[in-house]
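One structure below.
Where a number appears in this text, it was derived from the coordinates with a stated rule and is not lab data. If you're wondering where the values come from, they're calculated on a predicted model, not measured in any experiment. Note that each Cβ is placed from the backbone with ideal geometry, even for glycine, and that neighbours are counted across all protein chains shown.
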Amino acid sequence: MQKMLLTCAAVLSLVSGTAVAQKAKLTPFSGDAATASPELITSNKLEVLKGTRSVIIPQFTVEYVLQSDGLSDKEERKQDYVTVDYRIDAPDDAVLQGLTDRLYASWVKGLTAHGITVQGPQEAAVKSSRSKIAAKAKPAPATIQRDSGVLMIYSVSGSNFLMPLGAKDGPPTGNAAVLSNAADTGAVVGSRVGGKVGGMFGMARGLGKLGGGLKGFGGAWDYAADETKLAKEAQAAVMTVRLVVGLRDTDMASRGFGAFRTAGSYDGKPKLVVQSEGTAVTIVTSDGVKRAELGLSGDLVFAEDLFKGRVEVANGTGRTILNMVNRARFVTAAVGGGSAAVNQSHVFAASAEPAAYEQAVERNLTAVEALLLNKTAAAW
């Protein structure tokens, strides 16, 4: 019965942890664990880890944003008639895979420095308790879709990944630097067309998210059951690590008079963040009975301004036409004494210098790793 209650609690925790797009608060981040506040890290039930000396890590993944809704939930309500999405020109696969492997090596080094013996994804993959869930694993890298946008997910070299809770398969791409924009208009603009039609689109997307959450319930059950079995077989605590690099618009100037503005006037000041949606460490104790969790209290904004002077309008033909129609509709209604929202939707391509991108991501994620490990080590 105790095992069943643990599994149920783990499943509910995983499913309920699915975040709505961009609801997290923005927090400036120094990228230096020595100066950052430990309050940036949230935790639950770390006391169950007391006495842990060995861990096995079946999953260590890093997600890098490719396309993101830059507005927060609060900003969406304030700027209800405009959406701004950013497409990110990320470095190529080899660079991001190397970066992921270095972040994993940094994580393992931190654990061993705290006196913890570590088994990694390759050791976990050969355990008999992993055979059932391993069949659901996918080869990395791959695109995934979260509420906050499209990301490229990487795992430690040579290991597959299990789809994170709160995510689904993303659009196909050749590599991280290429993201199709062919279908951007319908999905993103649908809820902004206006009136009752827009409301129906919004309802449909909401029901779609609910259905996705219910579909993920079975996967969450499998994950929780697998963690319990693996912990007992390996005689080690099972640690799953997920780090997410997102993007947020940090300069929301007034966007009024939309009928008279050019597309280029809608860009803000996009910055990379360590995204709280998806970034998490979960640890099941070696007896498979108890579970601890760590996460972030908000989206941690990089100090580096990687996209300054490197943001360009990237509206497709369909989006441009729809923006023109909505502006004309607004003007017609205004002249006739009626009311209407301008309903503008824009995409911007944001490109960073590859070496600067790589350096900034490694610096900030390494600092977050240190904060997470320090918080965990205090419980050991």
Pop the C-beta distance of Lys269 and Val95 into the FRET formula with R0 = 30 Å and round what comes out to the nearest 0.05.
0.75
For Glu39 and Ala105 in the same chain, what is the full-extension length gain: residue separation times 0.36 nm, less their Cα-Cα distance, in nm?
21.3 nm
Per-peptide average of other Cβ atoms within 10 Å, ordering 96-108, 123-135, 351-363, 226-238 highest first
226-238, 96-108, 351-363, 123-135
Measuring from label point to label point, each 7 Å out along Cα→Cβ, what is the Glu47 to Glu123 span in nm?
3.0
The range 92-108 - phi-based ³J(HN,Hα) in whole Hz, Karplus 6.51/-1.76/1.60, Gly and Pro as x:
6, 4, 4, 5, 5, 5, x, 5, 4, 5, 5, 5, 5, 4, 5, 5, 5
